[in-house]
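Nothing in this text is a laboratory measurement; each read-out follows from the coordinates by a stated rule. Model, not experiment: these values are computed from the prediction. Using ideal geometry, Cβ is built from the backbone for each residue, glycine included, and neighbour counts are taken over all protein chains shown.
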């Protein structure tokens with residue numbers, strides 16, 4: 001089937017999509033956007049976290065057809081730079097596999113709660129696994145991004 | 001595989017009637033896992049995510065009608081005060097990403113004994129609304145489950161909503177798992193106090209072939225002195241009766257013996273919390 005979806009502000013079309021295919025597969029294999037990572041394929045690891053109509057979701061659990069006519073923002077999209085920069089500066093990136101999903105999840109937290117307490121950060125990132133176990137640096141990154149966002153009227 | 005995209009409930013029901021083997025999908029948190037792992041190859045997927053009425057909620061005279069596909073995140077944010085037990089359970093579901101997609105309708109449709117939404121629906125006497133082209137019927141949540149992953153749902157039917165009665169007292173939910181997120185319950189328990197009827201509702205999760213009520217425990221709690229604090233001995237007795245009502249098995253998540261023990265603890269704690277809240281609120 002054909003799937004039409006707005007990705008990072010651009011209208012995209014994917015053809016010959018199998019009906020059981022995930023949005024993640026369409027993004028990575030058909031639309032040339034490998035930033036969202038494919039790991040557990042069961043919503044456990046959060047590596048494939050993207051925005052679907054502005055809601056953070058695991059792209060591996062969205063059927064491709066469910067994205068028809070909707071808006072998707074991936075790690076390749078605009079607006080995530082500040083969180084990304086904070087991850088770089090704090091050394092919150094080790095192997096980097098979990099990073100795209102964590103950046104989207106952290107961004108989603110910060111636009112809802114610009115000054116999260118540590119337990120709130122932990123809860124917001126509970127669906128993102130880092131196999132390098134670099135969680136302390138990741139906490140630092142989110143705290144840094146939050147402190148920078150604080151001075152601004154709105155995040156995003 | 002066919003991919004069906006109804007935009008109205010009437011259309012969805014017509015499609016389900018014409019293709020009863022079509023697997024309904026909303027948040028995809030169960031269905032896509034099975035497809036990704038090749039455990040299921042349905043002939044058709046019936047995508048309910050564009051059926052607006054399934055993702056809505058509204059107030060009724062006697063409670064709140066929560067659309068089957070309303071994601072848990074919205075259950076928590078929008079109807080949390082009207083369905084406190086369900087919202088408490090919803091907060092323990094998966095992760096933010098999962099709560100943004102998963103819904104009560106999916107939990108009911110899958111009918112796993114471990115579904116987090118089920119114990120509170122049993123405890124507060126919620127009703128499941130089921131529709132097909134033949135009409136709409138309601139089934140008490142307490143009668144919905146017939147076996148592991150089995151329910152009263154006919155092949156041409158869809159779960160369309162749950163009707164949660166207006167709370168008439170404190171409600172609590174507790175769950176045992178290996179971490180604070182992303183766990184399928186080892187066991188779980190919900191309690192709902194009805195401070196008008198002076199009764200207590202219960203729901204046991206993940207410790208039997210279906211979600212269960214603890215009828216003896218409910219009977220015992222109804223006989224408590226509602227004008228007094230809860231004696232510790234009564235909380236313990238309640239926990240024991242809940243543990244006895246469970247019908248757990250050994251599996252990868254825990255042993256039957258552990259589940260029974262943990263349930264007794266959860267029941268004792270949740271009743272104690274709910275009773276303290278009831279006494280504090282001054283309805284005594």
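Determine the calculated [θ] at 222 nm for chain B from helices alone, applying -39500 (n - 2.57) to every DSSP H run no shorter than 4 residues and normalising by the residue count; nearest 500 deg cm²/dmol. Don't skip to the answer; put the middle values down first.
On the way: 11 runs with 100 residues, N = 284.
The per-residue figure over chain B is -10000 deg cm²/dmol.
Return a whole-number percent for the relative contact order of chain B, with Cα pairs under 8 Å and 6 or more residues apart as the contact set. Present the calculation step by step, with values, prior to reporting the outcome.
Details: 663 pairs, mean separation 45.3, N = 284.
Relative contact order for chain B comes out at 16 percent.
With viscosity set to 1.306 mPa s and temperature to 10 °C, compute the Stokes-Einstein D of region B:1-153, Rh being the Kirkwood radius across alpha carbon pairs; µm²/s, no decimals. Can you show the working numbers first?
Numbers: Rh = 15.8 Å.
In µm²/s, the coefficient is 100.
Work out, step by step, the length gained on full extension between residue B:215 and residue B:52: first 0.36 nm times the residue separation, then minus their alpha carbon distance; give nm to one decimal. The partial results should precede the final answer.
Values: separation 163, 0.36 × 163 = 58.68 nm, distance 3.76 nm.
Separation in residues times 0.36 nm, less the Cα-Cα distance, equals 54.9 nm.
With a cut-off of 8 Å between alpha carbons and a minimum separation of six or more residues, what is the relative contact order of region B:137-232 in percent?
Numbers: 113 pairs, mean separation 19.2, N = 96.
For region B:137-232, the relative contact order is 20 percent.
With a/c under 1.5 counting as rounded, go ahead and sort the protein assembly as shown into rounded, prolate or oblate using the C-alpha gyration tensor (a ≥ b ≥ c being the square roots of the eigenvalues; past the cut-off, prolate if a/b is larger than b/c, else oblate). Mind dumping the intermediate values first?
Values: a/c = 1.94, a/b = 1.35, b/c = 1.44.
Cα axes put the protein assembly as shown in the oblate bin.
Three principal axis extents, largest first, for the C-alpha atoms of chain A, in Å?
45, 34, 22
With N residues in chain B, what two-decimal value do you get for its Cα radius of gyration over 2.2 N^0.38 Å? Could you put the intermediate results ahead of the total?
Numbers: Rg = 18.7 Å, N = 284, 2.2 N^0.38 = 18.8 Å.
Its radius of gyration relative to the 2.2 N^0.38 Å reference: 0.99.
Based only on other Cβ atoms within 10 Å, what is the fewest-to-most ordering of B:144, B:189? Walk me through the numbers before you get to the answer.
Details: B:144 23, B:189 34.
Placing the least packed residue first, the sequence is B:144, B:189.
Can you bin region B:131-205 into rounded, prolate or oblate? Criterion: square roots of the alpha carbon gyration tensor eigenvalues sorted a ≥ b ≥ c, rounded for a/c under 1.5, prolate for a/b above b/c, oblate for the rest.
Working: a/c = 2.48, a/b = 1.27, b/c = 1.96.
Taking the square roots of the gyration eigenvalues as a ≥ b ≥ c, region B:131-205 is oblate.
Can you tell me which of A:50-61, B:154-165, B:226-237 comes out highest on packing, and rank the rest after it, using the mean Cβ neighbours within 10 Å? Before the final figure, lay out the partial values.
On the way: A:50-61: 24.2, B:154-165: 21.8, B:226-237: 14.2.
Ranked from most to least packed, the peptides come out as A:50-61, B:154-165, B:226-237.
Nearest 10 degrees, 0 to 90: what angle lies between the long axis of helix B:256-280 and the longest principal axis of chain B (Cα atoms)?
The two axes meet at around 70 degrees.
Would region B:133-284 count as rounded, prolate or oblate if I go by the C-alpha gyration tensor, calling it rounded below 1.5 in a/c and otherwise prolate when a/b exceeds b/c, oblate otherwise? Kindly include the intermediate steps, with their values, before the conclusion.
Numbers: a/c = 2.07, a/b = 1.25, b/c = 1.65.
It is oblate, given that a/c is not under 1.5 and a/b is not larger than b/c.
Using 0.36 nm per residue, how much length does the chain from residue A:81 to residue A:1 gain when fully extended, once their Cα-Cα distance is taken away? List each step's numbers first, then the result.
On the way: separation 80, 0.36 × 80 = 28.80 nm, distance 3.40 nm.
Between residue A:81 and residue A:1, full extension yields 25.4 nm more.
Pulled fully out, how much extra length does the chain show between residue B:255 and residue B:232, if you take 0.36 nm times their separation in residues and subtract their Cα-Cα distance?
Separation in residues times 0.36 nm, less the Cα-Cα distance, equals 5.6 nm.
Listing A:88, B:153 from the residue with the fewest other Cβ atoms within 10 Å to the one with the most, what is the order? Each step should come with its number before you reach the end.
Working: A:88 11, B:153 19.
Placing the least packed residue first, the sequence is A:88, B:153.
Tell me, what is the percent relative contact order of chain A, built from C-alpha pairs under 8 Å that lie six or more residues apart?
Details: 280 pairs, mean separation 36.2, N = 156.
Once normalised by length, the contact order is 23 percent.
Quick check: pseudo-label points 7 Å beyond the Cα along Cα→Cβ at residue A:16 and residue A:112, how many nm apart are they?
4.0 nm
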